[in-house]
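Undergrad: Before we start, here is the structure in question, set down as C-alpha cells.
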Amino acid sequence: MKKKKYITIAVMSLLLLVVVAVNWKFSLFNNLFSSEDPAPQPSSPVGGSTVESNYFEEARYTRDKSREEAIALLNSVASDEAVEEGIRENAYKEIVAYAKITEGEASLESVLKAKGFSDCIVYLTSDTATVVVAAESLNDQQSAQIFDAVLSHTGFVSGAVKIVSYP
C-alpha cells in the first residue's frame with residue numbers, strides 16, 4: 001500500500017512539473033510567433049516598448065500562475081490527513097523549494113535590472129537557470145554580467161545557465 005501511495009505522489013509531482021514546463025514553453029512560443037501585428041509599439045514610460053513590457057508581464061503572470069497551481073496541489077497533499085506523514089513531509093519540502101526558487105528568481109531579476117537591463121525574467125530549477133533579457137542582442141560584456149549574477153546567486157556551473165535575448 002505504501003508503494004502505491006509513493007508512486008501516486010511521484011506521478012502527480014511529475015505531471016505537475018510537465019504542466020509547468022509545457023505552460024511556460026507554449027507561453028514563450030505564443031509570444032514569439034503570435035499572429036498580431038509585429039510593428040513596434042510606442043514606448044512605455046519606463047523606457048521599454050509596450051510589446052516588450054507585455055511579453056515580460058505575461059511571462060511573469062504565466063510563471064506565477066503555474067507555480068500557484070503547483071503549490072495548491074502540494075498544499076492539498078500536505079494537509080490531507082489520509083496521506084501518510086512521509087508523503088506530507090515531502091509535499092511541505094517541495095513547497096519550501098518553490099519558495100526558495102521564487103525568491104531566487106525575484107532576487108536575480110532585481111540584480112539584473114540594477115545592472116542596467118531594462119527588463120528580464122528568470123526561470124530557476126534545482127540545477128538550471130534560464131534568463132530572458134529585453135535586448136535585441138547581447139555583447140560579451142552583458143552576457144558576462146548575466147552569467148556572473150546567476151552563478152554568484154545560485155552556485156550553478158556556467159553550463160547550467162541559458163541566456164535568451166528577447167527584442
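The values are calculated or read from the model by the stated rules, or taken from the named source; none is laboratory data. Bear in mind that the values here come from a model prediction, so they are computed numbers and not experimental data. Note that we place each Cβ from the backbone using ideal geometry, even for glycine, and neighbour counts take in every protein chain shown.
Undergrad: With within 18 Å of Tyr61 (Cα to Cα) and within 13 Å of the chain's Cα centre (by Cα) as the only criterion, which of Tyr123, Tyr166 stands out?
TA: Matching residue, one of Tyr123, Tyr166: Tyr123.
Undergrad: Does Gly155 qualify as being under 30 Å from Ser79 (Cα atoms) and either at pLDDT below 95 or surrounded by fewer than 18 Cβ atoms within 10 Å (Cβ to Cβ) (or both)?
TA: In short, no.
Undergrad: If you check every pair at least six apart or on different chains, which have Cβ atoms under 6 Å apart with a residue in segment 77-92 that is in a loop (DSSP other than H, G, I, E, B) first and a residue that is crowded, with 18+ Cβ neighbours inside 10 Å second?
TA: From segment 77-92, the pairs are Val83/Val77.
Undergrad: Working carefully through the options Ile121, Ile101, find the one that is surrounded by 16 or more Cβ atoms within 10 Å (Cβ to Cβ) and not in a helix (DSSP H, G or I).
TA: Details: Ile101 fails: not in a helix (DSSP H, G or I).
Sole residue among the options that is surrounded by 16 or more Cβ atoms within 10 Å (Cβ to Cβ) and not in a helix (DSSP H, G or I): Ile121.
Undergrad: Still on this model: List every residue pair whose Cβ atoms lie under 6 Å apart, where the two residues are 6 or more positions apart in sequence or sit on different chains, the first residue falls within segment 109-134 and is closer than 14 Å to Val161 by Cα and touching a residue at least 40 places away in the same chain (Cβ under 8 Å), and the second residue, located anywhere, is buried (at least 22 other Cβ atoms within 10 Å of the Cβ) and of a type outside the set (Lys, Arg).
TA: So the pair list comes out as Val132/Ile121.
Undergrad: Now for a separate question. If I go through segment 126-153 residue by residue, how many of them are within 14 Å of the chain's Cα centre (by Cα) and over 17 Å from Arg60 (Cβ atoms)?
TA: Initial filter on segment 126-153 (within 14 Å of the chain's Cα centre (by Cα)): 126-133, 150.
Now narrow it down to the ones that are over 17 Å from Arg60 (Cβ atoms): 126-128, 150.
Total satisfying the criteria: 4.
Undergrad: Right, something else. Can you spot a residue in segment 47-60 that is exposed (fewer than 14 other Cβ atoms within 10 Å of the Cβ), modelled with pLDDT under 55 and in contact with a strand residue (DSSP E or B) (Cβ under 8 Å, 6 or more places away or on another chain)?
TA: Yes: segment 47-60 contains one or more residues that are exposed (fewer than 14 other Cβ atoms within 10 Å of the Cβ), modelled with pLDDT under 55 and in contact with a strand residue (DSSP E or B) (Cβ under 8 Å, 6 or more places away or on another chain).
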